[in-house]
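The values are calculated or read from the model by the stated rules, or taken from the named source; none is laboratory data. These numbers were taken from a predicted model, which means no experiment stands behind them. Every residue, glycine as well, gets a Cβ built from its backbone with ideal geometry; the counts of neighbours run over all protein chains shown.
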């Protein structure tokens, strides 16, 4: 099992959790790194931060695969879809972008209008995307059309969000460490 860490030194370090040893160091960002995410098979790692770019790495070889010029401000949230063919990114510019992993092209842009995007997650069936932001709102989006389907509100800035395994519920944690469970209304 691996874990990745990064920060102000602009480098990413991948560690073997069992052995407690650093496996490799990935270099390339020019500013502090704010978000990391492994693909479901751990073969790829995406990173982003204050340089406004997203970088996709081969985490096993430590090689840079793509660099995407992503946002107009710091990129603060990343996620892979379950099958790892899509990436979602969110930023301080209140924008969410969905990317094709193979072509590294932006295929959809969503505007939240307010607040930094702090977290993102695709539904298990990959038809929906949730975003949590500093304006205390969780938003449920149609991943294909970009339509905003539902909103939920927390007491403070949302810092973590995740779909249940069946995709019918969303679990959220806010800045005050309150955990919420929201049931998704039937979507036709």
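Residues that are surrounded by fewer than 20 Cβ atoms within 10 Å (Cβ to Cβ) and over 25 Å from residue 93 (Cα atoms) within the stretch 28-61 comprise 40, 41, 42, 43, 58, 60, 61, listed in sequence order. Exactly one residue out of 87, 107, 96, 130 is more than 20 Å from residue 34 (Cβ to Cβ) and in contact with a strand residue (DSSP E or B) (Cβ under 7 Å, 6 or more places away or on another chain): that is 107. If you check residue 105 against the conditions, is it surrounded by fewer than 18 Cβ atoms within 10 Å (Cβ to Cβ) and within 20 Å of residue 146 (Cα to Cα)? Yes.
Scanning the stretch 68-90 for residues that are part of a strand (DSSP E or B) and surrounded by 15 or more Cβ atoms within 10 Å (Cβ to Cβ) returns 68, 75, 76, 77, 78, 79, 80, 86, 87, 88, 89, 90. Taking residues in the stretch 159-181 that are on the phi > 0 side of the Ramachandran plot and surrounded by 12 or more Cβ atoms within 10 Å (Cβ to Cβ), and partners anywhere that are part of a strand (DSSP E or B) and at pLDDT 95 or above, the pairs with Cβ atoms closer than 9 Å and at least 6 places apart or on different chains are 167/128. Among the numbered conditions (1) out of contact with any strand residue (DSSP E or B) (no Cβ under 7 Å at 6 or more places or on another chain); (2) surrounded by fewer than 20 Cβ atoms within 10 Å (Cβ to Cβ); (3) modelled with pLDDT of 90 or more, the only one that residue 13 does not meet is (1).
The single condition among (1) loosely packed, with under 15 Cβ neighbours inside 10 Å; (2) not in a loop (DSSP other than H, G, I, E, B) that residue 145 does not satisfy is (2).
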